[in-house]
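Reviewing the structure listed below.
The values are calculated or read from the model by the stated rules, or taken from the named source; none is laboratory data. In this text, all values refer to a predicted model and were calculated from it rather than measured experimentally. Here the Cβ positions follow ideal geometry from the backbone for every residue, glycine too, while neighbour counts run over all protein chains shown.
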């Protein structure tokens, strides 16, 4: 299966990001295709405590925005948290995307309908005042037949208190936390192995091998090449050009996936760590079919 390569935004797409050109003419001002709301999972900020802060993207029907590695085209959303002095935001959490084919045979990693991108925020041990203002500036590319670049700035005031309870948005955070890929060592249904097979070719390519083996009696993988989707993490030096199921060495209780990975001829060394997310389905002993998404790493 061909894999979306290094993020390349064609000139036409860049132009479309600035100017939306529907048949009716040039649309410089229009209703946003994406509505963004700032959410917190707490009803108040506790000195020294942690809470989640997120942007909920509600995407117009038929449109999509992009994952952190957009694929063959597109731009990932950019979020800059605006926090008071002493507050520290952690990395952004990205739910598992969908693979989508765009016109021209371009494959992209996208979100439709709705997605929550969020971070954990650490409050300082001492807070002055009865409220704190937290906010974000964000920009994203939203596409349908044409692409439009949109931006927003949002903020919310949160009271300061000695104890906190969940906010009305807690359920949304819990739902999207369940869609975050799990690290390989936290998956209960199977164990995984990643390795590089052989050396690096003259073209700078090498083969990565992913092995998943059922770890519980009665657990089996849903087979077939179309059942497995690999999302490579963003990299300035590597591109996953292709991946395929090794059918000869795979079965109901074992999945072997081969990745063709190439390093760009940019004078850099092969990265010490690289990886991505593998999405698929499995059947448990209780006959429940469940989706899985596991975060995997290759080390040099």
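Data table
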read-out: Tally, over the stretch 155-173, of residues that are touching a residue at least 24 places away in the same chain (Cβ under 8 Å) and in a loop (DSSP other than H, G, I, E, B); value: 7
read-out: Residues of the stretch 48-75 satisfying the condition of being assigned to a loop (DSSP other than H, G, I, E, B) and surrounded by fewer than 19 Cβ atoms within 10 Å (Cβ to Cβ); value: 48, 49, 60, 61, 62, 63
read-out: Single residue of the stretch 265-300 satisfying the filter (assigned to a loop (DSSP other than H, G, I, E, B) and in contact with a strand residue (DSSP E or B) (Cβ under 7 Å, 6 or more places away or on another chain)) that is farthest from residue 182 (Cα to Cα); value: 270
read-out: Boolean, residue 257 is in contact (Cβ under 8 Å) with a residue 60 or more places away in the chain and either assigned to a strand (DSSP E or B) or touching a helix residue (DSSP H, G or I) at 6+ places or on another chain (Cβ under 6 Å) (or both); value: no
read-out: So residue 142, is it buried (at least 18 other Cβ atoms within 10 Å of the Cβ), in a strand (DSSP E or B) and in the same structural domain as residue 69 (by TED's automatic domain parsing); value: yes
read-out: In the stretch 104-136, the residues that are without any contact (Cβ under 8 Å) to a residue 40 or more places away in the chain and at negative phi; value: 128, 130, 131
read-out: Matching residues in the stretch 195-223 - criterion: being out of contact with any strand residue (DSSP E or B) (no Cβ under 7 Å at 6 or more places or on another chain) and farther than 28 Å from residue 239 by Cβ; value: 216, 217, 218
